[in-house]
Amino acid sequence: MKRVILGAVLGGIVSFSWMCISWGMLPWHHVGVSSFKNEDQVARVIRENTGKSGVYMLPYVALETLHRNVKEDVSIYKEQKKALKEYPLIFLQLNKNGVKDFSFLSSLASFLTQCVSVGFVAYLLTLLKLESSYLKRFCFCVIYGLSSAIFFQEPSWNWFGSSSAYTAIMIVDATITWALAGFVLAAIVKPRFKLRQML
């Protein structure tokens with residue numbers, strides 16, 4: 001358990017450091033991201049038509065209502081179905097307060113979250129076979145990062161219009177993160193179970 005905790009902390013430091021470099025110094029996260037024609041006008045409309053920070057969707061589909069009362073609310077269902085075809089589909093993550101150049105609390109939350117995530121993978125490494133080498137443990141971390149990135153980025157690309165370039169960069173970024181963390185985890189965390197000879 002000590003090695004798992006140590007791996008989580010050191011791996012978290014490495015992944016957090018890469019995140020700072022990736023998002024703060026490299027320009028690649030702007031690839032595949034487009035700007036609005038009139039940012040001031042769009043910002044004003046968003047402020048006037050939203051309540052608080054959170055996730056918004058246009059057109060809004062009341063899935064709970066539809067699942068519960070499709071037969072009773074046929075007209076609502078038809079209106080929403082029509083809107084899905086005619087309106088642009090927008091999936092918006094909104095922070096109405098804006099973002100500061102540096103926020104200690106946000107940075108701390110990000111670091112702790114990454115330590116916890118790395119800790120879970122560190123625990124998984126202890127479940128591997130005893131003869132697994134450093135390279136195998138490292139590859140495990142990389143494959144985990146790649147597969148999870150593809151899994152979570154696919155819906156945005158496939159359903160919500162995220163560009164292929166932006167999606168690819170997000171996947172590569174996550175894979176690099178886990179590769180760097182994997183260098184640390186593979187060296188610190190080793191399997192704990194002994195092999196049992198088959199009789």
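The number of residues in the range 139-156 being surrounded by fewer than 18 Cβ atoms within 10 Å (Cβ to Cβ) and of a type in the set (Val, Ile, Thr) comes to 2. Condition (residue is at pLDDT below 95, farther than 30 Å from residue 58 by Cα, charged (D, E, K, R) and part of a helix (DSSP H, G or I)) applied to the range 135-146: is it met by at least one residue? Yes: one or more hits.
For residues that are among the small types (Gly, Ala, Ser) and surrounded by 15 or more Cβ atoms within 10 Å (Cβ to Cβ), scanning just the range 2-39, find the one that is modelled with the lowest pLDDT. Filtering first and then ranking leaves 32. Looking at the range 127-185, which of its residues are within 16 Å of residue 114 (Cα to Cα) and among the hydroxyl-bearing types (Ser, Thr, Tyr)? Passing the criteria: 144, 148, 175, 177. Kindly indicate whether any position in the range 53-73 is among the polar types (S, T, N, Q), at pLDDT below 75 and assigned to a helix (DSSP H, G or I). Yes, the conditions are met somewhere in the range 53-73. For the range 157-167, a residue qualifies if it is surrounded by fewer than 15 Cβ atoms within 10 Å (Cβ to Cβ) and in a helix (DSSP H, G or I), and the qualifying residues are 158, 164, 165.
The values are calculated or read from the model by the stated rules, or taken from the named source; none is laboratory data. No experiment lies behind these values; they were computed from the predicted model shown. Neighbour counts run over all protein chains shown; Cβ positions are idealised from the backbone, glycine included.
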